[in-house]
Amino acid sequence: MSHLLSEFPIQFKKNLTEKIIKDYDRYLDFTLAMLGDIEAHKVTKQSLRECLEVYQQMPVGNKSPYNRMSMVEKVNLAKAGKIPEQYLVKAKTVGELLKFYQGFFSAFLTDNRDVFDVSPTQGLKKPEDDSLSWGAYTKAQGRQIYEYWLAQPDRPIRWVFLLVLFTGMRRSEIANVSCHSLKQDGDTGRYYLWIEEGKTAAATRPITIAKELEALGFVKYLRSLDGVLYPAERLNDITETANKVRQLLEIGETEENGKGRLVFHSFRHSFITFKQAKKVEYQRLQRFVGHEGMRSITDRYTHGHLIPDYSDIADGAWWA
């Protein structure tokens, strides 16, 4: 999709001011950070709605420390709802992003390039100004989703969801998991995933594999893979699948209070929320999930050396 996004302002340049072209470049970077460089025809209204909701939580670009961050880093903070209110973008910029999507997906890809019969922006609206970011599933909803995936055929997408349920990993981290990510601690014998690269320094870490997940056959399945668990270019499929399964199980689109939206990223929120409720030490939990700011220069991870400390976080399903 990146080549089409880059062609869009060029084709319509005569109708755009310099400021709008600069804004479009920012929207382009943001959209690629959200969806990945997927095939344009795979973009749906749901994925664009999610983009608008995340953009509503984005920071202004000229304030420190956000002016030193990559777009991906800012998107991760926005998804986690970690941008202070005084640094959030103005509400009108969300409407401008919607106009960009309408121009790109409707005028350009639908009318000009015939990529869509019906534009994914049809009926798409700007989210409410006071809407919150991502919500967390309840334990009952977590059990529903777990039991659904437990009953599915042994294929990559099944393990994607079982893995996020047991670890709270980011979608991009799961996509990079391969047989080479699998390690075993020499002292304890526990298996873990070594996340070699992440969005931040804190994202590089070991993730202990829960005993329950190991018992389901995850280690054996991962060893059988020739490549990655799930191709990075198909990350949007994971988001769409999460929404389809939620609908199939008749789970609402938001939390029961009608605020936080229930999406794939909500599994991460659920994991953290319920592990915290079990009195897990906050800083250790933050390290396990790879949150920025919880790792100093001298606190370098080495393979296996923190694995025993994380077993109590990894074991025990949060929905049980």
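The values are calculated or read from the model by the stated rules, or taken from the named source; none is laboratory data. If you're wondering where the values come from, they're calculated on a predicted model, not measured in any experiment. All Cβ positions, even for glycine, are placed from backbone atoms using ideal geometry, and neighbour counts span all protein chains on display. Only protein heavy atoms, including side chains, enter the accessible area calculation; ligands, DNA and RNA are left aside. Shrake-Rupley method; radii C 1.70, N 1.55, O 1.52, S 1.80 Å.
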Computed [θ] at 222 nm, helices only, for the chain once each DSSP H run of length n ≥ 4 contributes -39500 (n - 2.57): -13000 deg cm²/dmol
For the range 90-242: rounded, prolate or oblate by the Cα gyration tensor [a/c cutoff 1.5]: prolate
Length-normalised contact order for the chain - Cα pairs under 8 Å, 6+ apart - percent: 21 percent
Per residue, in Å², the accessible surface of the chain once ligands and nucleic acids are set aside, probe 1.4 Å: 48 Å²
For the range 167-257: span of alpha carbons on each principal axis (Å, largest first): 45, 28, 27
Share antiparallel - DSSP beta bridges, the chain, percent rounded to 5: 90 percent
The range 93-165, Cα convex hull volume normalised per residue, Å³: 159 Å³
³J(HN,Hα), Karplus 6.51/-1.76/1.60, whole Hz, each residue of the range 203-215, x for Gly, Pro: 6, 7, 6, x, 10, 5, 7, 4, 4, 5, 5, 4, 5
³J(HN,Hα) computed for each position of the range 59-69 - Karplus, 6.51 cos²θ - 1.76 cosθ + 1.60, integer Hz, glycine/proline x: x, 5, x, 9, 10, 6, x, 5, 6, 9, 9
Cα gyration tensor category, rounded, prolate or oblate, for the chain with a/c compared to 1.5: prolate
Global form of the range 219-287, assessed from the alpha-carbon gyration tensor, a/c cut-off 1.5: oblate
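Taking loop as defined by DSSP and a crowding limit of 13 other beta carbons within 10 Å, which trypsin sites (Lys or Arg not before Pro) in the range 62-93 fit?
Sites meeting the loop and neighbour criteria: Lys63, Lys90.
Quickly rank 105-116, 51-62 as a protection proxy: mean count of other C-beta atoms within 10 Å, highest first.
51-62, 105-116
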Rg and Dmax of the range 11-109, Cα atoms only, in Å: 13.5, 38
Of all accessible heavy-atom area on the range 1-101, the percent that carbon and sulfur account for (1.4 Å): 51 percent
